[in-house]
1. Quick query: amide H of B:I140 versus all other amide H atoms, modeled in the peptide plane; which residues come in under 5 Å with a sequence gap of 5 or more or a different chain?
2. Which aspartates and glutamates, on any chain, are close to B:K221 with Cα under 14 Å apart, when same-chain ones fewer than 8 places away are left out?
3. What residue of chain A has the nearest C-beta to the axis that moves A onto B, and what is that distance in Å, given as a whole number?
4. Which ³J(HN,Hα) values in Hz, rounded to whole numbers, follow from the phi angles of the range B:17-32 under the Karplus curve 6.51 cos²θ - 1.76 cosθ + 1.60, where θ = phi - 60° and Gly and Pro get x?
5. Would you work out what percent of the accessible area of the range B:9-155, with all protein chains in place, is carbon or sulfur (probe 1.4 Å)?
6. If each label sits 7 angstrom from Cα along the C-beta direction, how far apart, in nm, is A:E157 from its counterparts in the other copies?
7. Quick one: of A:K16/B:K243; A:K243/B:K70; A:K258/B:K25; B:K213/B:K281; A:K16/A:K78, which pairs are farther than 21 Å apart, Cα to Cα?
8. Of the candidates A:Q42, A:Q53, A:Q21, which one comes out as most mobile in a Gaussian network treatment of chain A with C-alpha springs shorter than 10 Å?
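The values are calculated or read from the model by the stated rules, or taken from the named source; none is laboratory data. All of these numbers come straight from a predicted model, not from anything done at the bench. As a convention, Cβ positions derive from the backbone with ideal geometry for all residues, glycine included, and neighbour counts pool all protein chains shown. Side chains are part of the model used for accessible areas, which takes the heavy atoms of the whole protein and leaves out ligands, DNA and RNA. Shrake-Rupley method; radii C 1.70, N 1.55, O 1.52, S 1.80 Å.
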2 protein chains.
Amino acid sequence: MKKGCPFGSHRVIEPKGSLPQSALKIDNTMELYSNEILIKVQTLNVDSASFTQIKDACNNDKGRISEMIKKIVEERGKLQNPVTGSGGMLIGTVEAIGPDLAHLDLKVGDRIATLVSLSLTPLKIDRIKNINVETDQVDIEGKAIIFESGIYAVLPEDIPDRLALAVLDVAGAPAQVERLVKKGMTVGIIGGGGKSGVLCAYQARKNAGETGKVIVVEYSKENARRIEELGLADEVIVADATKPIEVYERVMALTKGKLCDVVINNVNVESTEMSSILITKDRGIVYFFSMATSFTRAALGAEGVGKDITMIIGNGYARGHAELSLNILREAPEIRELFENLYQ
Amino acid sequence: MKKGCPFGSHRVIEPKGSLPQSALKIDNTMELYSNEILIKVQTLNVDSASFTQIKDACNNDKGRISEMIKKIVEERGKLQNPVTGSGGMLIGTVEAIGPDLAHLDLKVGDRIATLVSLSLTPLKIDRIKNINVETDQVDIEGKAIIFESGIYAVLPEDIPDRLALAVLDVAGAPAQVERLVKKGMTVGIIGGGGKSGVLCAYQARKNAGETGKVIVVEYSKENARRIEELGLADEVIVADATKPIEVYERVMALTKGKLCDVVINNVNVESTEMSSILITKDRGIVYFFSMATSFTRAALGAEGVGKDITMIIGNGYARGHAELSLNILREAPEIRELFENLYQ
């Protein structure tokens with residue numbers, strides 16, 4: 001049995017030398033390499049941007065959507081939307097584990113969710129069983145491969161799949177907060193009322209403790225009210241994060257000029273880099289979890305205002321992130337209830 | 001005398017609420033606010049991307065270039081190229097210091113270089129004296145403003161202007177290396193043969209010491225040879241950083257599988273994120289100084305290969321960066337000589 005590259009380059013057909021995510025086409029032959037895991041797929045959770053593009057292109061016709069998805073997978077060997085470049089994730093059952101991965105804490109029959117994108121996952125669809133256009137989920141008969149470097153989470157028995165997936169989707173964020181926030185710190189969370197923001201606020205509060213301070217900046221009054229009701233922040237500011245001077249002045253007032261030790265940016269609109277940068281104290285840290293972040297706007301922006309701060313590109317993976325995030329649902333029933341209402 | 005916002009928002013004409021860098025138009029009336037510095041400008045160092053666009057649009061005709069530059073500044077109050085969005089920097093003499101900035105270690109008559117971009121600097125051009133189309137420099141009679149948050153460097157007496165500017169342009173890079181690299185570390189520098197790379201390699205070598213290891217990855221054979229001749233690296237790999245698997249395999253071999261503690265990315269082409277990520281060890285740090293870095297490619301890329309690493313957005317400003325970088329020229333005559341040959 002052959003051993004593959006840990007990053008999956010052995011399955012790249014075109015262009016040679018690239019990695020699966022950026023490849024145009026990968027090999028989805030379901031014959032296992034010695035360091036791969038074979039999954040019997042149950043459901044594809046298609047990335048929202050991708051599914052929206054497909055729905056629009058197919059006029060919401062399920063038959064046409066089904067054909068388009070099958071065609072993408074046939075052409076590319078993976079479900080990576082050629083227009084948006086995005087993928088999504090999947091859940092299924094472990095069918096086989098290559099001998100070089102026998103040491104993993106995993107067994108055949110385990111139900112798992114992939115935590116690496118469908119945009120790099122070899123996939124074969126035998127049959128599309130159902131398409132749910134509300135939740136962007138596609139139930140299939142089919143198989144997929146996880147590479148040695150791939151990450152996954154065994155689905156918990158005590159949390160329903162949909163809830164678990166909603167949390168796993170953003171598990172990196174609270175895990176990074178756990179690493180960055182220390183007792184007594186002042187933490188700013190921009191976009192605190194969404195899925196990721198709520199988990200980050202919870203973890204920040206937990207780490208900063210009684211002597212710390214969590215300030216949430218939210219655009220939506222409803223999300224802000226939610227944070228207040230859950231008691232997840234010391235202060236909630238309803239403001240537009242694309243207006244940096246206003247955000248800066250309000251945080252200056254709230255912190256009596258001290259600003260924040262750590263700022264977490266979770267928003268999903270553009271141009272919120274300067275709000276994040278201005279409210280960070282000298283030698284503080286900004287953690288950009290938002291995929292709408294512009295590298296150059298952040299880099300040049302901080303330099304342009306003479307802010308000597310560390311700006312981190314959000315890494316969706318941190319060891320232990322799945323367990324930490326699912327545990328938040330277990331520790332905080334009010335957050336579990338919120339997620340159940342929003343995401344089930 | 002009125003006091004302005006430290007970030008210069010008081011001079012933003014359009015759109016209200018934004019900061020000078022992103023503003024369409026700023027106020028270039030040369031009446032000082034109490035926390036501003038007035039500069040008598042000598043030379044504009046126009047950003048390369050900007051000047052190339054202007055030259056092309058004007059068919060290299062100096063008269064037309066002059067008119068275009070004056071027009072941009074009249075319309076916008078600053079020299080920010082409306083097509084590229086970039087600026088550059090300037091050198092001049094301090095003409096006045098607002099009373100609220102009297103504490104600065106600066107006096108009227110000091111020769112300074114601005115370290116914040118022309119894309120946010122209020123500028124008034126009275127006359128264009130000379131245009132150098134080779135060096136992208138424009139000598140003028142005119143004035144400019146630095147805000148309280150702005151950064152600048154007093155030009156050294158022992159280093160000629162052009163040399164000092166070439167170094168100051170990338171001063172943030174070696175300064176960040178100084179903070180990140182500790183004794184005994186293995187440091188990877190991708191794009192090690194250019195201006196920034198050479199200074200980073202020097203500083204990395206200095207900090208890592210005898211027990212450390214500096215590995216440079218360079219695309220150009222000539223730049224690679226330069227690094228070898230200067231003795232700035234323990235190993236030099238000539239490779240294409242857009243081919244991550246090849247770079248990874250070579251660094252794996254060189255480090256006997258240990259990979260790098262810190263990786264610095266200085267290249268100026270796209271798609272080198274994965275090379276940087278793959279050669280970083282678990283819990284290591286990648287520092288992206290390259291303005292060609294894509295936030296999403298880095299964020300999703302690291303997650304996609306299960307790399308638990310910290311990725312930092314290069315901040316061009318670090319306290320003391322100007323002095324640290326100019327001192328490299330003083331400490332290392334061979335580097336000064338190289339810069340003199342390349343940039344004078």
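1. Distant-sequence amide H within range of B:I140: B:T43, B:L44, B:K129.
2. The reachable aspartates and glutamates, counting only those whose Cα sits under 14 Å from B:K221, are B:E229, B:E235, B:D240.
3. Result for the A and B rotation: A:F295, 2.
4. After applying 6.51 cos²θ - 1.76 cosθ + 1.60, I find x, 9, 9, x, 5, 8, 5, 6, 9, 10, 7, 10, 5, 8, 9, 6 Hz.
5. About 47 percent, which is the carbon plus sulfur part of the accessible surface.
6. 7.9
7. From the list (A:K16/B:K243; A:K243/B:K70; A:K258/B:K25; B:K213/B:K281; A:K16/A:K78), the Cα-Cα distance tops 21 Å for A:K243/B:K70; A:K258/B:K25.
8. Looking only at A:Q42, A:Q53, A:Q21, the biggest GNM fluctuation is shown by A:Q53.
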